[in-house]
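Derivation of every value follows stated rules applied to the coordinates shown; laboratory data play no part. It should be emphasised that the depicted structure is a prediction, and the values quoted were computed from it without experimental measurement. No Cβ is skipped: glycine too gets one built from the backbone with ideal geometry, and neighbour counts run over all protein chains shown.
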Amino acid sequence: MTMATTTERPATVSTALRAGDFTGLAQDYSQHRPDYAPSVLQGLLGLLGKPVAEVDFADVGAGTGIWTRQVQASGVRCATAVEPNTDMRTHGQVASAHTPIRWLQGSAEQTGLASASADWLTMASSFHWAQFEVATGEFHRVLRPGGRFTALWNPRLIEVNPLLVEIEAHLSTLRSDIKRVSSGRSGITETLSEQLWASPHFEDVVYLEGRHVISMTPARYLGAWRSVNDLRVQLGADKFEAFLAYVEERIRGQASIEATYLTRAWSARRKG
């Protein structure tokens, strides 16, 4: 896949973009977003209590299938991606064309999956958009007895790279009350263990985390920022474009950007 240079501009995204709506962002999302720590994937598979080749897997809120393809490649028996957004789902189907992944339209609250059809159901970088009580009830229905639900995120660990700290800090000059809805280190993740333990649908809540480093070209790094929904909505079109211009100028001349990602995963076993 040919990578755009940092001076090329993508097609304009609608200024009416809503929180959680990735329409128009799917191409950047598919091309530039990072994967998840392989060590965490192996740990999560180990919690399932059965051979990987016997695991029926479903990824809900799959986006363009970055995590879905990573799990499918681990050798699960079957993999199903559920995604409500047509643009994201279409790009995911193209990216997964040479895999046996099945794609469905559906949401966390109404997956469209059959009852007791999955051994493992996940939401990767998307559970913060779900209605917790409705979604966990739906996951309980879809999972088999002993099956597990996993919510995971892969936020950047910017503290280890001063350049990334500087870029992130620039956001506060554009809007002082920025809230990173999907950062994976705030919001729902602050109380997720307690919420899952308190749920009537799940038990045996386990938390895992791991790091991995990705060396990004400037084009990929800028593309990853372009795919972010929550900043685009909070800043508005003009300020978001100003931020992208700042990032582009700040990384000019860099051969690569070393980005450390922190995969954080919460796995809970179906109760009953």
Within the under-10-Å Cβ sphere about residue 260, not counting residue 260, Lys/Arg +1 and Asp/Glu -1 give a net charge of 0
Among beta bridges assigned by DSSP with both residues in the chain, the antiparallel ones amount in percent, to the nearest 5, to 55
Put in order of increasing Cβ neighbours within 10 Å, starting from the fewest, 36, 261, 246 give 246, 261, 36
Mean projected area (nm²) from the convex hull of Cα positions in the chain is 13.6
For residue 179, counting only lysines whose alpha-carbon sits under 20 Å away and dropping same-chain residues fewer than eight positions off, the answer is 239
Those trypsin sites (Lys or Arg not before Pro) from segment 156-196 that are DSSP loop and have at most 11 other Cβ neighbours within 10 Å turn out to be 179
Using alpha carbon positions and the Kirkwood radius, the Rg to Rh ratio of segment 173-266 is 1.07
For residue 50, the aspartates and glutamates lying under 12 Å Cα to Cα, once residues fewer than eight places off in the same chain are dropped, come out as 119
Listed with the fewest Cβ neighbours within 10 Å leading, 102, 270 appear as 102, 270
If each part is reduced to its alpha-carbon centroid, segment 86-113 and segment 189-227 end up apart, in Å, by 20
